[in-house]
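> Mind looking over this structure? Questions follow.
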Amino acid sequence: MLVKKWMSKNTITIGPNNTAIKALILLNENNITRLPVVEDGKLIGIVTERDLKRASFPSETLKVKNVMTLNPVTVLWNYTISEVAETLLKHNISGVPVTNAQGELIGIITKDDLFRVLVTHTGVKEKGILLALVVIDQSGAIKDITDIIRANGGRMMSVLTNYDSAPKGYLGVYLRMYGIDRDKFHKMRELIAKKATFLYWVDYRNNMREIYRVA
């Protein structure tokens, strides 16, 4: 999942010699909180709603260049979504300009865009099912689970793993699937429970869930 696919491409920008009042108008009219500052096609700064509020009352003489943040945090178009999330958390910001290798602004990506990624890849829109499991960390352990799902007519949407939710020697597995006949779901869970330990499961279509352990 690369930034270029999820970023907003029609980015509203402003020049450094525009007034702070114009910046405020653009922010309010477009219901946004940040404006990349561009000069000669290159990103040179960013001005945010917070920057303008910290400044003295904007006047016709107060320029964007006097209140903008120079050398803003940016990401390249070929960053992954997880790298963007890490960048936003590290710098405690809610959005970041996207540039190409030449430093030219090509878009902007925000927390809202990351939420869109999350919704798309959790199966919520597809009304699928999420299984959170702990399996032995060995070859074939995940395949055993996915074989059971496919045997019951399920189709895999995504498989994520981590070690944070599992003891040593085990692996946390988060399977997102759809196409499951709900009449077969209970039996399928019983078969999976012989191969793994359930943390929880969520059926988005029927708004049903069982939580065994928070992880």
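A short reminder: the numbers here are calculations on the coordinates, not readings from a lab. Everything numeric in this text was worked out from a predicted model, so none of it was measured. Note that we place each Cβ from the backbone using ideal geometry, even for glycine, and neighbour counts take in every protein chain shown.
> Name the most mobile residue of ALA141, ALA23, ALA85, meaning the one with the largest mean-square fluctuation, in a Gaussian network model of the chain with Cα contacts below 10 Å.
In the Gaussian network model the winner is ALA141.
> So what's the projected area for the chain, the Cα convex hull averaged over all directions, in nm²?
15.0
> Suppose a student asked you for the relative contact order of the chain, using Cα pairs under 8 Å spaced at least 6 residues apart; what percent would you report?
This gives 17 percent for the chain.
> Measure nothing but the geometry: give the 0 to 90° angle between the long axis through the Cα atoms of 81-91 and the longest principal axis through the Cα atoms of the chain, rounded to 10°.
Approximately 50 degrees, to the nearest ten.
> Same structure, new question: Which ordering of HIS121, HIS91, HIS186 is given by a fewest-first count of other beta-carbon atoms within 10 Å?
So the ranking, lowest neighbour count to highest, is HIS186, HIS91, HIS121.
> Do the sum for the chain: with -39,500 (n - 2.57) for every DSSP H run of n ≥ 4, divided by all residues, what is the mean residue ellipticity at 222 nm, to the nearest 500 deg cm²/dmol?
After summing the helix terms and dividing by the residues of the chain, the value is -9000 deg cm²/dmol.
> Normalised by the number of residues in region 8-66, what is the relative contact order in percent for Cα pairs under 8 Å and 6+ residues apart?
RCO, region 8-66: 43 percent.
> Taking the Cβ-Cβ separation of ASN100 and ILE21 as r and a Förster radius of 35 Å, what is the calculated FRET efficiency to the nearest 0.05?
Working from the Cβ atoms, E equals 0.70.
> Roughly how big is region 123-211's charge dipole about its Cα centre, with Cβ charges of +1 (Lys, Arg) and -1 (Asp, Glu), in debye to the nearest 20?
Value, rounded to 20: 200 debye.
> Taking H as built 1.01 Å from N, whose amide H comes closer than 5 Å to the amide H of LEU199, not counting residues under 5 places away?
ALA132, LEU133, VAL134
> To two decimal places, what compactness ratio does region 123-211 give when its Cα radius of gyration is scaled by 2.2 N^0.38 Å?
Its radius of gyration relative to the 2.2 N^0.38 Å reference: 1.01.
> Rg (Å, one decimal) plus Dmax (Å, integer) for the alpha carbons of region 3-118?
Computed over the Cα atoms of region 3-118, radius of gyration and Dmax are 13.8, 43 Å.
> Continuing with this model, one more query. Find the Rg to Rh ratio for region 147-188, where Rh is the Kirkwood radius over alpha-carbon pairs and Rg uses the same atoms.
With Rg and the Kirkwood Rh in hand, the quotient comes to 1.08.
> Can you compute the modelled spin-label distance between LEU191 and ASN28, with each label point 7 Å from Cα toward Cβ, in nm?
For the pair LEU191/ASN28, the computed spacing is 6.2 nm.
> Helix 111-121 versus the longest principal axis of the chain: what is the Cα-based angle in degrees, 0 to 90, to the nearest 10?
Once rounded, one gets 20 degrees.
> Another one. Quick one: among ILE106, ILE25, ILE180, which has the greatest mean-square fluctuation in a GNM of the chain with alpha-carbon springs under 10 angstrom?
Result for the chain, Cα springs under 10 Å: ILE25 fluctuates most.
> Sorted from fewest to most neighbouring beta carbons within 10 Å, what does the list VAL135, VAL159 look like?
Listing VAL135, VAL159 from fewest to most nearby Cβ atoms yields VAL159, VAL135.
> Using only the alpha-carbon atoms, how far is helix 182-193 inclined from the longest principal axis of the chain? Give it as 0 to 90 degrees, nearest 10.
It is inclined by approximately 80 degrees.
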